[in-house]
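Take a look at the structure set out below.
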Amino acid sequence: MSAILLGRELKADMLLIDEWKARRVAAASGFQVVGCAGLLERLFLRGHIEDLRADFSQLAELSYVDIELLNARLRTHNLAPI
C-alpha cells in the first residue's frame, strides 16, 4: 500500500509492483502497473539492456518470479528459455 500512497503523492502514472494483490489495488486506483520482468522487457525493447535472457535468469535466481512467465516473455522475442 505504501507504493500506492507514494504514487498518489507524486502524481505518478505508473508503479513498479510485483505482488499480485497490490498490483490489483494499484490498477483499480488508476495506475499503470509494471513488475520487474515487465520493466526489464521495456528496457530491452528500448535498447537499454542487451541480454534479456541473462537478466531474466538473474531475476529468477534472486526472487520468486514465475519461470514460466519469464520463458513466455522470452519466446515473444524469439529468445531461448531459461
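Each reported figure results from applying straightforward, stated rules to the coordinates on display, with no laboratory input. This structure is a prediction, so every number in the text was calculated from the model and none was measured. For neighbour counting, all protein chains shown are included, and Cβ atoms are generated from backbone atoms with ideal geometry for every residue, glycine included.
Overall shape of segment 36-76 was characterised from the C-alpha gyration tensor. The equivalent ellipsoid obtained from it has semi-axes of 16, 11, 8 Å, in decreasing order.
With a Förster radius of 41 Å applied to the C-beta separation of LEU10 and LEU79, the computed FRET efficiency comes to 0.75.
Under 5 Å between amide hydrogens, built in the peptide plane, is the criterion, and for LEU15 it picks out GLN32, VAL33, VAL34 among residues at least 5 positions away or on other chains.
Taking amide H as placed 1.01 Å from N in the peptide plane, the amide H of ILE49 sits under 5 Å from that of PHE44, each at least 5 places away or on another chain. The alpha carbons of the chain stretch over 39, 25, 20 Å along the principal axes, in descending order. Projected label points at MET1 and ARG42, each 7 Å from Cα along the beta carbon direction, are separated by 2.6 nanometres.
Among the chymotrypsin sites (Phe, Trp or Tyr not before Pro) found in the chain, those both in a DSSP coil and sparsely packed, with 10 or fewer other Cβ atoms within 10 Å of their Cβ, are TYR64. Only the Cβ atoms of Lys and Arg (+1) and of Asp and Glu (-1) were treated as charged; on that basis the dipole of the chain about its Cα centre amounts to roughly 340 debye.
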